[in-house]
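Here's the structure we're looking at; comments come further down.
The values are calculated or read from the model by the stated rules, or taken from the named source; none is laboratory data. Please read all numbers here as calculations on a predicted model, not as lab measurements. Cβ placement follows ideal geometry from the backbone for every residue including glycine, while neighbour counts extend to all protein chains displayed.
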Amino acid sequence: MLIENKKISIVGGGPGGLTLARLLQMNGADVKVYERDLNKHVRVQGGALDLHEESGLAALKKAGLMEAFKANYRPGADKIRIVDNKANIVFDQHVYETVEAFGNEWFRPEIDRGPLRDILLASLKPGTVVWDSHIVSLEPVNDSWKLEFQNGKSAMADIVIAADGANSKIRSYITAVKPFYVGITMVEGFVSDSEKITPKIHELLKGGKIFAFGNEKSLIVSSKGDGSLGFATGCKTDEFWFRESGIDFKDNVEMLTWFKKEFSEWGSVWLELFENDKTSFIVRPQYCMPLDQSWETIPNITMLGDAAHWMPPYAGEGVNMAMLDALELSECLTNPAFTDMQKAIASYEKQMCARFADVGRITLESTASLHSANAINNMLAMFEQ
Ligand SMILES: Cc1cc2nc3c(=O)[nH]c(=O)nc-3n(C[C@H](O)[C@H](O)[C@H](O)COP(=O)(O)OP(=O)(O)OC[C@H]3O[C@@H](n4cnc5c(N)ncnc54)[C@H](O)[C@@H]3O)c2cc1C
């Protein structure tokens, strides 16, 4: 096997990197995951993720982790309410009987990021993840790579796989192709105890998700198993609005003022999310890699997930694509039919780029459609398909 006696370094312990580590270890590979988080107890923020049968769940199945997934997913958390800007419900999945049918392509069970990470971490050999390893640079040394970390440490690897997310440090060693701004900026927020802090939204959420649209803006709210909620507004802005607006995103009074002005046509129910001093915010301008991206394969370095094909989250495909990349890359690296690394990585990159061209296009269409004047009808049409 190509990876026999090779030291493989995966940079980034997100869903993509950890899934790959698991799949490679099942094939006897010598793998380390270098993760910038200080330890495994760092709270993983972000809304719940729905895994799809043909991608995220297919990877978990191959990784032998479906039982662990079934013990940790949140039945009912996939239920969606589509509402208008005044929170009038126009579509409610809670009124339909749930068909929890693993194996059905339309069943998309939700799991919180923290438990998903825990399942993957628990599946790895002890010591696989090297915490507090924020990579700052790579240096080629003969046919290998020297990885250098912010904490002054370094490591050597025969093969490097970038799984370090949207702002990958490693991507630039593979290609100069850069992402483009898609015209939407998200403001993501987290509320630790939604029942107490945002009771009206908590009730509307009903343990699932809210998709609110109006005036070419979006607001997506997701419940989490620990009683918290995550939400993200989506607005059409200039690329550098986050700094040119002069808003201090850490100042909740400024954030409330911004929301009231920007969402002035929206109902007052949403103010709960901004009126308390417990909400924390992250501003996220949305980018996408060019759909036709390609590069010359390098035989000892490649990438997956957001590092390879960052795209907006409006089609819910990011984590699923990252995990499917891990599955396909592991299959290429362990396939005895490949006699050299160049061919194995080239085969993976070819199918990954082709898949992204398709999924990325759908994602961009969805991003535009959900921020159009007709967003609600567009979203309803998706459910009628
Ligand atoms: C608001 C929002 C909502 C989303 N909703 C969905 C959704 O509903 N469904 C969906 O499928 N996708 C969603 N996504 C996208 C999804 O989160 C990503 O596509 C997915 O997490 C990508 O996985 P990854 O493993 O490639 O990267 P990440 O999950 O970003 O993981 C990268 C890892 O690398 C680490 N890292 C980063 N830089 C370094 C470094 N220099 N050195 C070492 N380690 C590093 C990070 O700490 C992290 O652990 C959403 C994204 C956002 C922002």
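Listed conditions (1) surrounded by 12 or more Cβ atoms within 10 Å (Cβ to Cβ); (2) more than 11 Å from the ligand (Cβ to nearest atom); (3) over 30 Å from His371 (Cα atoms) are all met by Val182, apart from (3).
Taking the range 154-244 as the region of interest, the strands (runs of 3 or more DSSP E) fully inside it that hold 2 or more residues being more than 18 Å from Lys86 (Cβ to Cβ) are 154-157, 159-162, 180-191, 217-223, 229-236. Considering the conditions (1) in the same structural domain as Met323 (by TED's automatic domain parsing); (2) part of a helix (DSSP H, G or I), Ala68 is excluded by exactly one of them, (1).
Among the residues making up the range 276-333, those that are part of a helix (DSSP H, G or I), small (Gly, Ala, Ser) and within 12 Å of the ligand (Cβ to nearest atom) are Ala307, Ala308, Gly318, Ala322, Ala326.
For (1) over 23 Å from Pro299 (Cα atoms); (2) modelled with pLDDT under 95, each residue gets a yes or a no:
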| site | (1), (2) |
| --- | --- |
| Asp325 | no, no |
| Asp340 | no, yes |
| Ile345 | no, no |
| Glu349 | no, no |
| Asp358 | yes, no |
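Within the option set Met341, Met311, Met321, being crowded, with 17+ Cβ neighbours inside 10 Å, touching a residue at least 40 places away in the same chain (Cβ under 8 Å) and over 22 Å from the mean Cα position of the chain (by Cα) holds for one residue only, Met341.
Could we say that Pro336 is modelled with pLDDT under 95 and of a type outside the set (Phe, Trp, Tyr) here?
Yes: the conditions hold for Pro336.
The conditions of being away from the ligand (no atom under 14 Å from the Cβ), surrounded by fewer than 18 Cβ atoms within 10 Å (Cβ to Cβ) and not assigned by TED's automatic domain parsing to the domain that holds Phe211 are not met by Ile82.
Residues that are closer than 29 Å to Glu203 by Cβ and either within 15 Å of the ligand (Cβ to nearest atom) or in contact with a Gly (Cβ under 8 Å, 6 or more places away or on another chain) (or both): does the range 26-43 have at least one?
yes
Here's the yes/no breakdown for (1) assigned by TED's automatic domain parsing to the domain that holds Glu262; (2) under 23 Å from Pro75 (Cβ atoms); (3) among the charged types (D, E, K, R); (4) buried (at least 23 other Cβ atoms within 10 Å of the Cβ):
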position: Asp193; (1), (2), (3), (4): yes, yes, yes, no
position: Lys196; (1), (2), (3), (4): yes, no, yes, no
position: Leu205; (1), (2), (3), (4): yes, yes, no, no
position: Ile210; (1), (2), (3), (4): yes, yes, no, no
position: Leu219; (1), (2), (3), (4): yes, no, no, yes
position: Ser223; (1), (2), (3), (4): yes, yes, no, yes
